[in-house]
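Undergrad: Could you have a look at this structure, given as structure tokens, before my questions?
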Amino acid sequence: MARRRAFTLIELLVVILIIALLIAVSVMVGRTVVSGGKRGKTEDTLRVLDVLLNDIVSRDGTIPSPYVEDPHNPGVFMPIIDGRNMARDEDQTDTPGFQMINSVGLFLFQLERSSSSMEALEGLDAQFRRLYTPYSEDNADGDDVVHEIPTIFDAWGNPIRYVHPAWDGAYWGDDYDGLDLARAEETTDTEMLAREFNVSLPAPNDVWAIPSVRRNIVTTGPGDLVHQMADSDGGTSPNQRPYFYSAGPDGKVGFDDANGNGELDPGEPDFNEDNIYTTAPRFKH
């Protein structure tokens, strides 16, 4: 009987390498499937929100107002802006979405309790709708923050964003005017912004709950902007209609302006690249 030849060390190493490659490929395929599944679920959630927006437009004959009355303070109004509440200053500047104005949560307050709207919301999986506020416990009860309210999330656990054309583009105040961004304004004061953007409150005695807002597209840059996350995607509605978007798997928006010139240059990461939109916005870059 012939003796069976034993494997050499090189042959064993080749077999181990092949097995390792197969495992790596399997993991990559699995991650792609999971990511694709999350993207599909997020797209479905965005479609539901877009249907609700269509219901408002069909009912009222126009797009919703760019502000909503604060349910906690009658006569005080919240601007529905996808941006950062500059009236509150905390230390977590590297946290995506930190100090954001909960724009999609405020949009939900504009929905009348119609059966169709409620059925659409209740049709969403519970993991995509829950109470939320972006603020710490110390600031969550202030009059100039969006309190804990029902909010819609994407499949990665990030609040979905809502952009109204009255507040789209990018702007920031006089503390941040060193960058040449689209729609740059000279102030973060919301009342002055309202005049610039032709947004009027319902009555003269009504007031803004959030006095200071910044909506910029830059994540890093000179001076005070270094290491701060972008406030928004910085997009402009192409059809003067609100749009919804998810920040995607990385949870980040804007771009990394490493050289501080206010534009997306070669080699600078574009965090908007993996965003998911109901309507693709326009960007300066």
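The values are calculated or read from the model by the stated rules, or taken from the named source; none is laboratory data. Because the structure is predicted, anything quoted here is derived from the model rather than measured. Here the Cβ positions follow ideal geometry from the backbone for every residue, glycine too, while neighbour counts run over all protein chains shown.
Undergrad: Check Pro266 against each of (1) at pLDDT 85 or above; (2) closer than 28 Å to Leu49 by Cβ and name the one condition it does not meet.
TA: Failing condition for Pro266: (2).
Undergrad: Which of the residues spanning segment 3-19 are modelled with pLDDT of 70 or more and of a type in the set (A, V, I, L, M, F, W, C)?
TA: Across segment 3-19, the qualifying residues are Leu9, Ile10, Leu12, Leu13, Val14, Val15, Ile16, Leu17, Ile18, Ile19.
Undergrad: Go through segment 131-145 and give me each residue that's surrounded by 20 or more Cβ atoms within 10 Å (Cβ to Cβ) and within 15 Å of the chain's Cα centre (by Cα).
TA: Pro134
Conditions tested, residue by residue: (1) more than 17 Å from the chain's Cα centre (by Cα); (2) basic (Lys, Arg); (3) modelled with pLDDT of 75 or more.
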site: Gly157; (1), (2), (3): no, no, yes
site: Tyr162; (1), (2), (3): no, no, yes
site: Asp168; (1), (2), (3): no, no, yes
site: Asp174; (1), (2), (3): yes, no, no
site: Thr190; (1), (2), (3): yes, no, no
site: Leu193; (1), (2), (3): yes, no, no
site: Glu196; (1), (2), (3): yes, no, no
site: Asn205; (1), (2), (3): yes, no, no
site: Ala209; (1), (2), (3): yes, no, yes
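Undergrad: Restricting attention to segment 115-130, report how many residues are assigned to a helix (DSSP H, G or I), modelled with pLDDT of 80 or more and either in contact with a Pro (Cβ under 7 Å, 6 or more places away or on another chain) or surrounded by 12 or more Cβ atoms within 10 Å (Cβ to Cβ) (or both).
TA: Residues in segment 115-130 being assigned to a helix (DSSP H, G or I), modelled with pLDDT of 80 or more and either in contact with a Pro (Cβ under 7 Å, 6 or more places away or on another chain) or surrounded by 12 or more Cβ atoms within 10 Å (Cβ to Cβ) (or both): 1 in total.
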